[in-house]
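The values are calculated or read from the model by the stated rules, or taken from the named source; none is laboratory data. Quick caveat: nothing in here was measured; it's all calculated off a predicted structure. No Cβ is skipped: glycine too gets one built from the backbone with ideal geometry, and neighbour counts run over all protein chains shown. Accessible surface is based on the protein model in full, side chains and every heavy atom, while ligands, DNA and RNA are left aside. Shrake-Rupley method; radii C 1.70, N 1.55, O 1.52, S 1.80 Å.
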2 protein chains.
Amino acid sequence: MPYPAKLHPGTILSAARQLLEDGGPEALSMRPLAERLGVQPSSLYRHYADRAALLSALETEATLELLATVQAHAAQATPAASLHAVGLAYLAYARQHPHLYGLLLAPKEPYMATPGPGKDLWNAVLALVDAVTGQPDDTAATVAVWAYLHGFVVLERSGQFGLSGPRGGFERGLQALIEGLGRKGGDAGPG
Amino acid sequence: MPYPAKLHPGTILSAARQLLEDGGPEALSMRPLAERLGVQPSSLYRHYADRAALLSALETEATLELLATVQAHAAQATPAASLHAVGLAYLAYARQHPHLYGLLLAPKEPYMATPGPGKDLWNAVLALVDAVTGQPDDTAATVAVWAYLHGFVVLERSGQFGLSGPRGGFERGLQALIEGLGRKGGDAGPG
DNA sequence: GTCTATAGCAGGATAGAC
DNA sequence: GTCTATCCTGCTATAGAC
């Protein structure tokens, strides 16, 4: 009777995504996933080799979405404005999908190293930063921007900002960073 | 014959710390910990209520160490130089003790909210940032600096910078951030 | 204060029938 | 392609003897 197969990779993945988004990585386990799909846990292995494969697929999904978000905000009047808008959009995505976003920075090989959506995302941000600093392939500045964005996301998620937290602080720092990176120098010593 | 008790809270904690530092949080489990101490797992519960108590004690230890590191580098010729030096010291500590550092930002109540070593650490950085921006209690700017520092640590640990990664990028961004925050304005719009 | 013994839970994954 | 049945591993934590 199970002629129209109950399961398709897409169905599984979307259920898995819901589990992850609702309850974090630990909530995405094979048994609850199967239950939500009305299926036995072992059936899932016909479609995904193991749990890691599911997570990997979700990570790709998230990367593509974040890339699309970035691209959608990258065209502003000035390079600084573009980077500013993209920063806000990045934060917004991470806030909307915290657990999905969390997959993006699990220990792995660098995005910039291997082709794929991750590298596309890196390149998109790199181009924006280059436009601001005026230097081609400005890896160091891109890393700085990325560190700031990611750090803010993590701090906020860890609860450090509390309920009435200084969320306006995000733009203050982003602005300062863009300004500071934009100046030709970078040669002012610490002293 | 076990007159000199085998276990003391300090002994346990230092063994626990080693497990954590060597293998991350998952490596700190009660059975291996007991084995390393030549003891049965159940014996540990005489000294620490549960595993969470161990982690909490280690977190306090790490916070105090990081605070000491910050204080040791805070006295430079100028406020900017102090913040710069502290930033480097912060990164160095996180690199030296990645898993211990990792305990510091597990989801919890904000450091700035409740008295304790965490709040002391926050206040120490806050004072440095205030001196740079010229504003008292400049929470927003402090958050920005902290986000940058933490974000860089996490990105680096996640392997994003590879082996020959742009570690010099850290100072570039830190410098830019300090400069940008130091300017009176912050009022320059994104456009 | 340490021991033995064990309860209890959750998780990933596989073998083989249908 | 889904099922039943099960294995295996890992973990925290407790009860009660000594």
#### Entry: Dipole moment magnitude, nearest 20 debye, the protein assembly as shown about Cα centre, only Lys, Arg, Asp, Glu C-beta charged
680
### Query
Using θ = phi - 60° and the Karplus form 6.51 cos²θ - 1.76 cosθ + 1.60, what ³J(HN,Hα) does each residue of region B:50-64 get, whole Hz, x for Gly and Pro?
6, 4, 4, 5, 4, 4, 5, 4, 5, 5, 4, 4, 5, 4, 5
## Note on the structure
Candidates A:ALA141, A:ALA106, A:ALA16; GNM for chain A (alpha-carbon contacts under 10 Å) flags as most fluctuating A:ALA106
### Summary
Relative contact order of chain A (C-alpha contacts under 8 Å, at least 6 apart) in percent is 18
## Note on the structure
Once both label points are put 7 Å beyond Cα along the C-beta direction, the B:GLU65-B:LEU88 separation in nm becomes 2.1
### Query
Relative to the other copies, what are the label-point distances for A:TYR45, with labels 7 Å from Cα along the C-beta vector, expressed in nm at one decimal and sorted shortest first?
3.4
## Note on the structure
Computed about the Cα centre, the charge dipole of chain B from +1 Lys/Arg and -1 Asp/Glu charges at the Cβ has a magnitude in debye, to the nearest 20, of 420
### Task
Give the accessible surface of region B:1-158 per residue, rounded to a whole number of Å², with probe radius 1.4 Å and ligands, DNA and RNA excluded.
46
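What average count of beta carbons from other chains do you get within 10 Å of the Cβ of residues in A:133-146?
5
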### Task
Quick one: among B:THR133, B:THR63, B:THR114, which has the greatest mean-square fluctuation in a GNM of chain B with alpha-carbon springs under 10 angstrom?
B:THR114
### Message
Compute the distance from the alpha-carbon center of region B:123-139 to that of region B:1-50, in whole Å.
### Response
40
### Task
Could you pull out which residues in region B:51-95 have an amide N less than 19 Å from a spot 7 Å beyond the Cα of B:GLU35, following the Cα-Cβ vector?
B:51
### Query
If you roll a 1.4 Å probe over the protein assembly as shown with all protein chains in place, what percent of the accessible area is carbon or sulfur?
56
### Query
Which residue is it, in chain A, that holds its beta carbon closest to the axis of the A-onto-B rotation, and how many whole angstrom away?
A:GLY151, 1
### Query
Inter-copy label distances at B:PRO98, 7 Å along the Cα→beta-carbon direction, one decimal in nm, shortest first?
2.5
### Message
Checking the a/c ratio against 1.5 first, then a/b against b/c, what shape does the Cα gyration tensor give for the protein assembly as shown?
### Response
oblate
### Task
Could you tell me the total accessible area buried at the B-A interface, probe 1.4 Å, in square angstrom to the nearest hundred?
3800
### Task
With springs connecting C-alpha atoms under 10 Å apart, model chain B as a Gaussian network and identify which of B:GLY134, B:GLY180, B:GLY168 has the largest mean-square fluctuation.
B:GLY168
### Task
Compute the distance in nm between two label points, each set 7 Å from the Cα along the Cα-to-Cβ direction, one at A:ALA27 and one at A:THR11.
2.2
### Shielding of B:72-83 by partner chains, average beta-carbon count, 10 Å
1
